[in-house]
Amino acid sequence: MRLLVALVAVLAFPAAALGAMPSIVAREVPLGGQQRALAAAPRFDLVGLHWRGPGAVEFRTRSLAGRWSAWRAAAPEDEDRPDRSSLERTRPGWHAGNPYWTGASDRLEVRTRGRVARVRAWYVSSDVGGAPPRALSLAGSPQLVTRAQWGANELIKRAAPSYAPSLSFAVVHHTAGANAYTRQESAAIVRGIQTYHVKANGWNDLGYNFLVDKYGQVFEGRYGGVERNVVGAHAEGFNTGSVGVAVIGTYGAANVSPAARDALVRLLAWRLDVAHVDPLATLNWTSGGNPRFPRGVPVFLRSIVGHRDTGFTECPGTKLYGQLDELAQSVAATGLPKLYAPAAKGGIGSLVRFTARLSAPSPWTVAVTDAAGQTVASGTGSGQAVDWTWDATRAAQGPYAWSIASPGARPATGTLGRAGTLSVTRVRAEPAAVTPNGDGVDDETTIRYTLGAAATVTATLLDPAGTPVATLFSEPRAAGDQGFEFTAENVPDGAYTIVVSASGAGKVVTGRAPLLVNRTLSAFKAGRASFSPNRDGRADAMPFTFALAQPATVKLRILLNGKWVATPAPETPLGPGVQVLAWDGSKRIGRPKDGLYEAELRVTDVLGTVTQRVAFGLDTTPPALRLLSLRPRVRISLSEAAEVVVRADGRRTLVKKRGAGVVVLPHAARALRATAYDTAGNRSAVLVAP
């Protein structure tokens, strides 16, 4: 009852305790064709910059006392954002810089590098209010400052939270703001970040799941429940299935305070224990897509990672990142004993195997209860590995609840059998268009759907006229997210429909998804792994090849970080046969930005449109050579993978290196000339010795 009263008190008097809700104002920065601009600004405490163009933006701010800050990058953590498929990405064409806590300020100066067309500043005023809010323990958590206590603006949330089916790892961040904040300012910083993420970036809510300040205060982040697997907007491509924890401040050169480290350990130890995740485990995770890891790429991760492990970013700063291994050890040693990786494999009508792992050998029990709470099966054992099988071949359909328990450890629970309302939702084909021509690209699709209850599922393929063509399968499936692979190699081209039907208890429900089978496009690929549009006459253009089986209209677009940057071929009619389209990056985007790009090819014929993407690199940085020695052997340092042509005393040698390292010739030389050519076509400066 005391917890309830405390929450009611905070909800009843938020303004008195925390000050007014933050305000936000957007102003265009008057570049006027210049690379540096001074902008008049309202009084603000936090600022973030948005800009258009492939260039970069830096800024500095002036305090009310008239002191200018150091120059800061506007987007030091460019991949703190929602996933590419998320509806939260509502600012197309703009780069979104991080919110930066400045303290009371009234002036902004901006400077740009490269091509920047527009800069928009978002100024947030966030009142500090009175004393720091009190922390509470929720559902066995460490002390948390709840959303009500720090003054979250629940009226600006744009959508209900999304949930992942499970949580598998934690991503540690820093917020990239100033470190010189007071204990009283921490809640104002969190309120300001929420306001910026929602009103400036267009996200649904605050991007992080939790925030920790340098005083050891832990703030509840994104709305949806601290124990639930809320999908955040903190690590593009890795939001679903992770929890994002941000330490307030910048930790590239500054150490995290002992209070912040201890709070981070307590928070991660509790949250990973709720998910039954071993803090010292490793896993292979499939990327949802970002500039570093394209969609579908498997990525080796630890259970506790820094943001830089999932993308091109320095987050959470070199100092904090260097402590993560030691921090994970501390997390693993906190709150023992623990139960890891519980699983129940199998279903009612078959054998059900229960497995788990304990942090140390201990007695354990597995129990299965029916809807009335009566135990219908149980098993016991002792040791570190839990492994017990229930023979459910003659069991009623259920539903059942199961638990795995060990003295002192948080028990694991789950359900089996029919439960919930029979439904089929979210039926879709990924991809929605297949080209089953054997080229290894989109030859098959995955049909995904969600069952509200366990049922017998039948999948049927309908032709363009709506006539059933084939029954793909009919078998029992458990409640939850389901899927199956479909290869259309024997299906003629056309617009089809996949029908997923679920039956149980005398009821049948269905869901549908369109599927286009179209073999017009094949063999779409980039001509090189990377190129260098620097106008030196070597690999300045990137060719793309593909084949058309019949006439079609094609459109080729170039994307960087999911944003359109060029259209080498807009709506171009082409005949059947092998085709080649090229992109001259130097002509299209001025000074190009190095990085991982995607070419998107849209092919439209009488049947419909097929879209495929291929990744490639843009690299304008030449390799670097440095002479290490001429005697007793020639040794040259090389900065990256390249072919090195060496003329030593008139003798020509070609050396191919697959990575940075040292080129060694098995003889001495009195004089040499060396040149390196990387895979993108960049040529190094000529190394001459002596």
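The values are calculated or read from the model by the stated rules, or taken from the named source; none is laboratory data. The shown structure was predicted, so the numbers you read here are calculated from the model rather than taken from an experiment. Cβ coordinates were reconstructed from backbone atoms using ideal geometry, including for glycine residues, and neighbour counts include every protein chain displayed. Quick note on the areas: whole protein, heavy atoms, side chains included, nothing else; ligands and nucleic acids left out. Shrake-Rupley method; radii C 1.70, N 1.55, O 1.52, S 1.80 Å.
Observations
- When shorter helices are ignored and each DSSP H run of at least 4 residues is given -39500 (n - 2.57), the per-residue value for the chain at 222 nm works out to -2500 deg cm²/dmol.
- Taking packing as the residue-averaged number of other Cβ atoms within 10 angstrom, the listed peptides 33-42, 198-207, 257-266 run from highest to lowest as 198-207, 257-266, 33-42.
- Figure note: Glu485, Glu444 ranked by solvent-accessible area, largest first, 1.4 Å probe, ligands and nucleic acids not counted: Glu485, Glu444.
- 10 Å beta-carbon shell around Ala121, net charge (K/R +1, D/E -1): +1
- Sorting 624-631, 314-321, 598-605 by their mean Cβ neighbour count within 10 Å, with the most densely packed peptide first, gives 314-321, 598-605, 624-631.
- Rel. contact order, % - alpha carbon contacts under 8 angstrom, at least six apart, the stretch 161-249: 44 percent
- Whole-number D in µm²/s for the stretch 304-412 (Stokes-Einstein; Kirkwood sum over Cα pairs; 25 °C, 0.890 mPa s): 150 µm²/s
- Share of carbon and sulfur in the accessible heavy-atom surface of the stretch 213-324 [1.4 Å probe, %]: 54 percent
- Here the accessible area of the stretch 358-464 is 49 percent carbon and sulfur, with a 1.4 angstrom probe and all protein chains present.
- Per residue, the solvent-accessible area of the stretch 276-366 (1.4 Å probe, heavy atoms of protein chains only, all protein chains present) comes to 43 Å².
- Heavy atoms of the protein chains alone define the surface here; on that basis the stretch 132-204 has 33 Å² accessible area per residue at 1.4 Å probe size.
- Accessible area per residue, Å², the stretch 381-493 with all protein chains present, probe 1.4 Å: 50 Å²
- Long-range tail of P(r) for the stretch 540-668 (Cα pairs > 19 Å, %): 62 percent
- Using θ = phi - 60° in the Karplus curve 6.51 cos²θ - 1.76 cosθ + 1.60, the 3J(HN,Hα) couplings for the stretch 161-171 round to x, 9, 10, 8, x, 7, 10, 10, 7, 10, 10 Hz; x is entered for Gly and Pro.
- From the coordinates shown, Cα extents along the principal axes in Å corresponds to which of (i) 133, 86, 44; (ii) 66, 59, 50; (iii) 88, 73, 56: (iii)
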